[in-house]
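Participant: Below: one structure in structure tokens.
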Amino acid sequence: MSNLATKRDVEPVLQMRGMVKAFPGVKAIDQVDFDLHNGEVHALLGENGAGKSTLMKVLYGMYSPDAGEILLDGQATKINSPSEAIAQGIGMIHQHFMLVPSLTVVENVALGMKSSRGYRLDLDDVAAKLEQLSHDYNLSVNVHAPIWQLAVGEQQRVEILRALYKGAAILILDEPTAVLTPGEVDDLFRVLRQMTAEGHGCIFISHKLHEVLAISQRITVLRDGRLVDTIETEGATRAQLAEMMVGRPVLQNYQFPPLNAGTPRLTLRGVNALNEREEPGLIDVSLEVHSGEIVGIAGVSGNGQRELAQVIAGLRPATSGTLEMEGTAIERLNPAEIKDLGLSYIPEERMEDGVITEFSVAENYMLRDYDSTKFSRNGVFLRFDAVDQACSEAIRDYEIKTPASSTKVKSLSGGNIQKLVLARELDRNPRVLLAAQPIRGVDIGATEYIHQRLLDEREKGTAILLISEDLDEIQLLSDRILVMYEGRIVGEMKREEVVLQQLGAWMAGATEEDPAPAFA
Amino acid sequence: MPFVSQIAHDSAIQTATGLQAGLKNFARASFGRLLDLLPGLIALVGAFLVSAFILLTLDADPIKAFSAMWSGAFGNENATANTLTKATPILFVAIGITVAFRGGVINIGGEGQMITGALAGSAITLSLGDELGFWVIPLALLAAFLAGGFFGAIAGFLKAQFDVNEILSTIMLNQVAVQLMNYLLNGPMLDPTKVGTNHVPETARIVDAAKIPRFRLPLADHLLFDRTSLHWGLILAVLMAVVIYIFMWKTTFGFRIRAVGYKERAARYAGINVKQQMVLSMFLAGGLSGLAGIVQVLGLTYRLKTDGSPAGFTGNAGFNGIVVALFGGLTPLGAIPASVFFGGLLVGAQKMQREIQGASSLITSINGIIVVFVVASQIFILRRARRRVGGEIDAQTILPTEETNA
């Protein structure tokens, strides 16, 4: 570590100059400069599709740049593959962890490396070195535990340990906080500060402004593949950064008309359900969503939100309890029947559930109602003319950026795909709208738009159940907030009474009766 | 051809969006399609070069060999008719494979489905042919479709209900069908006149009225394909290709199957009964293979016979159909030229073998080389498509790019 520390502030450890990477039809990054000093956290900020990931994938050897040069310690270098990047001291923590769940921490680290004992595994040596590292950097991890037993925050620490083990001087963190609880985010930041104190350089990719402001020394903003500016974090404000990202001033708050709740449209009573592992995933969940009301489900992901959405949509059986939509019992109905009762569903995993990427925009637009009389003759022959017309209207109304309705969805950006899903679900005039993580991976502009549409829907009297990990979003939109923890609803708050600390404590497992905050 | 239809389709869409833009897109799309063809052509050239090398090492003249192959396949009216006759059952199977593949099910059971279809169709024809005459043909076709479909649906059901790998189940069902045929053709369905003699396993001849008529094309001065074995089964196969194309791309049924094939989860979310679609796509695949079987009997051999070996009746059409389906870009219309190409390979190879006096295994391997090259070129195209989007590839991407219909 000492050799790293001595080099600090002499010259940038990393310089990228005039980087260009084009894909057919788009320049993903265009003449971007970026540098990194030892001992600093340099945040890379931008909307989805701004080129953050592309720039880092170029650095990590996953893409070869069309132009530009990369200098490490002042030496021009070429990085042709991730293994070359690792050899040159660059580590990357991906948003989705690259760990084998059934293997232990040690085995995951040793995976793909040459054993020092020839054909015999040298797991003991690896374990010893890992324990040393975990001690040095305060990264507490049980190195002999299998990955599947670890919490998400711990898995991320394993990723960081692995990068350190492989000698990373530069660490790229791709949206590292997306999967963490507020408490885990604090832990991560502590680790990052220690690493920079030891002389490592960290590149922190994010679109969450408050985190970027909290952890970085410098911020580089990208927009549409171009460098907007690199600024010192000190003195920067959220509004300023948001404007740099979007290119125009951004609304920070929405018009929120007073609650005008009507009759209950969705009622759950004592609902239990199993999760993928056949363990209890939903435990005794009761809730009610009224017409004209947005009920927010807060919680760290993996605490039963997915099961809740799937049970309501008929994709997962409830083992007990009752579900009703406007008086009709739906617990025994299939997804198509529930859909026909007026449930619209914006699924959490848009690319897996929400759209068929190989299908065209129009085909995806009719995905839920392809056999209705609107889009088919007698439910047999598809009416492409009608689909096309409705879809073109949706493209215009929802400002979906696509060359044509016949374009394949896979070539659309995340935000535009989400607008397409939104258009499809709202154009059905739903009675109940189930919106799971509606803005995940969506840029600020589209977020603003989607939220506005949800509020319009609330005005129209639709009952909306909003499931989100993003506490800001929940707070911004919900009339009532329910917090889920380990499959249960552990707390409820009205919009007027929100106490952020209390919500955070519930999310971390404190019960309503035991309101002592687990962290502050 | 898939790209021709797609271009036609694209242009149809574009009349709505403005003629000028349409023409521009049309030109771009056509050029794109041509580029997509390039790897296939290169693969063919590569395959012929490698084959030529092998022929040279065996002191055979590659030019002579390949010209023999060409003339054997398309050199004259008779050769062309033989090629088309050979292509007919392969085309039926390939159309079915297309449906299964699009539904996310890999059907290796074409052989067995052909056999069960042929057995059921033959049984109907032999028992009712005298009374019904010509009208037994549609009945036999229907019986073959249902029997083959049922046989395919078994594998679909096992996959949907118990998650049994359909590749394994269809391969094993092939064996079941072969043994069933060997039993029936040596026993209950054996030609009554051969009972007790040293016979080959075969049924009696079907009545003349139940034969599918030969296909003749009247030209200005003569009848094309006169005195050849070409029959109306080919036309039926081409018709089925069109019907299945419409079914898969213009109806809600096909929409459901394709949705399940591309993304099961999204299909489930959309309210589609995934299990039902798996069974349905395997039923259709099996049914089309069943047609392949009965058309061979009613149009060509006029009796169901085998030599007891697994491919004794089918001539491997059930497997060749898979290659043809892939080669045809997994579209029913693309399977038409692909099956003719493949039929030409098989028929031309016989003449090539006579011409150069080579071993039959040599001919088989040359055909194999061509198939390997062509399939490899498809993978190359996929890779290129992946690089274009810069994303990751998953198992679903084994399907070629989807035709746009809206």
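The values are calculated or read from the model by the stated rules, or taken from the named source; none is laboratory data. It should be emphasised that the depicted structure is a prediction, and the values quoted were computed from it without experimental measurement. Virtual Cβ from ideal backbone geometry, glycine too; neighbours counted across all protein chains shown. The accessibility values were calculated without ligands, DNA or RNA, using every heavy atom of the protein model including side chains. Shrake-Rupley method; radii C 1.70, N 1.55, O 1.52, S 1.80 Å.
Yes/no per residue for (1) over 30 Å from residue A:356 (Cα atoms); (2) modelled with pLDDT under 95; (3) touching a Pro at 6+ places or on another chain (Cβ under 8 Å):
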{"site": "B:14", "(1), (2), (3)": "no, yes, no"}
{"site": "B:25", "(1), (2), (3)": "no, yes, no"}
{"site": "B:29", "(1), (2), (3)": "no, yes, no"}
{"site": "B:41", "(1), (2), (3)": "yes, yes, no"}
{"site": "B:50", "(1), (2), (3)": "yes, yes, no"}
{"site": "B:55", "(1), (2), (3)": "yes, yes, yes"}
{"site": "B:60", "(1), (2), (3)": "yes, yes, no"}
{"site": "B:77", "(1), (2), (3)": "yes, yes, no"}
{"site": "B:110", "(1), (2), (3)": "no, no, no"}
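Participant: In segment A:334-348, which residue that is open to solvent by 50 Å² or more (accessible area, probe 1.4 Å) and outside any helix (DSSP H, G or I) is nearest to the other protein chains (Cβ to nearest Cβ)? Outline the logic, then answer.
Facilitator: Keep residues of segment A:334-348 that are open to solvent by 50 Å² or more (accessible area, probe 1.4 Å), which gives A:334, A:337, A:340-341.
Subset that is outside any helix (DSSP H, G or I): A:334, A:341.
Details: A:334: 7, A:341: 11 Å.
The residue in question is A:334.
Rundown of residues vs (1) part of a helix (DSSP H, G or I); (2) more than 24 Å from residue A:500 (Cβ to Cβ); (3) touching a residue at least 40 places away in the same chain (Cβ under 8 Å); (4) open to solvent by 20 Å² or more (accessible area, probe 1.4 Å), yes/no style:
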residue: A:115; (1), (2), (3), (4): no, yes, no, yes
residue: A:148; (1), (2), (3), (4): yes, yes, yes, yes
residue: A:153; (1), (2), (3), (4): yes, no, no, no
residue: A:160; (1), (2), (3), (4): yes, yes, yes, no
residue: A:164; (1), (2), (3), (4): yes, yes, yes, no
residue: A:178; (1), (2), (3), (4): no, no, yes, yes
residue: A:184; (1), (2), (3), (4): yes, no, no, yes
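Participant: Could I ask something else about it? Working carefully through the options A:424, A:440, find the one that is open to solvent by 30 Å² or more (accessible area, probe 1.4 Å) and within 25 Å of residue A:311 (Cβ to Cβ). Let's see the steps before the verdict.
Facilitator: Numbers: A:424 fails: open to solvent by 30 Å² or more (accessible area, probe 1.4 Å).
Only one candidate passes the filter, namely A:440.
Participant: Restricting to segment A:186-243, what's the tally of residues that are in a strand (DSSP E or B), within 21 Å of the chain's Cα centre (by Cα) and surrounded by fewer than 20 Cβ atoms within 10 Å (Cβ to Cβ)?
Facilitator: The total comes to 1.
Participant: Taking interchain pairs and intrachain pairs at least six residues apart, which have beta carbon atoms under 6 angstrom, with the first residue in segment A:485-503 and in the same structural domain as residue A:297 (by TED's automatic domain parsing) and open to solvent by 60 Å² or more (accessible area, probe 1.4 Å) and the second of a type in the set (D, E, K, R) and assigned to a strand (DSSP E or B)?
Facilitator: If the second residue must be of a type in the set (D, E, K, R) and assigned to a strand (DSSP E or B), the pairs left are A:494/A:480.
Participant: Still on this structure: Applying the selection to segment B:240-252, what residues are open to solvent by 50 Å² or more (accessible area, probe 1.4 Å) and within 11 Å of another protein chain (Cβ to nearest Cβ)?
Facilitator: Within segment B:240-252, B:246 is the sole residue that qualifies.
Participant: What do you reckon, is residue B:239 at pLDDT 95 or above, closer than 22 Å to residue B:136 by Cβ and assigned to a helix (DSSP H, G or I)? Step through it out loud before you land on a result.
Facilitator: Values: at pLDDT 95 or above: yes; closer than 22 Å to residue B:136 by Cβ: yes; assigned to a helix (DSSP H, G or I): yes.
Here the answer is yes, as residue B:239 does meet what is asked.
Participant: Taking the condition in a helix (DSSP H, G or I), touching a residue at least 12 places away in the same chain (Cβ under 8 Å), open to solvent by 20 Å² or more (accessible area, probe 1.4 Å) and among the hydrophobic types (A, V, I, L, M, F, W, C), does residue B:137 pass?
Facilitator: Here the answer is no, as residue B:137 does not meet what is asked.
Participant: Something else about it: Taking segment A:369-380 as the search range and keeping residues that are at the interface with chain B (Cβ under 8 Å from one of its Cβ atoms) and touching a strand residue (DSSP E or B) at 6+ places or on another chain (Cβ under 8 Å), which one is most open to solvent (accessible area, probe 1.4 Å)?
Facilitator: A:380
Participant: Select from segment B:255-275 the residues that are without any contact (Cβ under 8 Å) to a residue 60 or more places away in the chain and part of a helix (DSSP H, G or I) and write down the one among them that is farthest from the chain's Cα centre (by Cα).
Facilitator: Among those residues, the one meeting the criterion is B:269.
Participant: Residue by residue through segment B:258-280, note down the ones that are open to solvent by 30 Å² or more (accessible area, probe 1.4 Å) and aliphatic (A, V, I, L, M).
Facilitator: Selection gives B:279, B:280.
Participant: Could you grab the pairs with beta carbons closer than 9 Å, sequence gap of 6+ or different chains, first residue in segment A:43-72 and touching a residue at least 60 places away in the same chain (Cβ under 8 Å), second one assigned to a helix (DSSP H, G or I) and basic (Lys, Arg)?
Facilitator: Pairs found: A:44/A:52; A:45/A:52; A:46/A:52.
Participant: Ok, one more. Which one of these does residue B:161 not meet: (1) surrounded by 12 or more Cβ atoms within 10 Å (Cβ to Cβ); (2) touching a residue at least 60 places away in the same chain (Cβ under 8 Å)?
Facilitator: Failed condition: (1).
Participant: Would you mind finding the one in B:255, B:283 that is under 24 Å from residue B:92 (Cβ atoms), buried (at least 24 other Cβ atoms within 10 Å of the Cβ) and more than 8 Å from chain A (Cβ to nearest Cβ)?
Facilitator: None of the others qualify; the one that does is B:283.
Participant: If you don't mind, there's one more thing I want to ask. When residue A:140 is evaluated against the numbered criteria (1) of a type in the set (Ser, Thr, Tyr); (2) under 29 Å from residue A:503 (Cα atoms); (3) in contact (Cβ under 8 Å) with a residue 40 or more places away in the chain, which criterion, by number, is the only one it fails?
Facilitator: (3)
Participant: Hey, another quick one. Restricting to segment A:381-415, what's the tally of residues that are charged (D, E, K, R), more than 8 Å from every other protein chain (Cβ to nearest Cβ) and open to solvent by less than 40 Å² (accessible area, probe 1.4 Å)?
Facilitator: Residues in segment A:381-415 being charged (D, E, K, R), more than 8 Å from every other protein chain (Cβ to nearest Cβ) and open to solvent by less than 40 Å² (accessible area, probe 1.4 Å): 0 in total.
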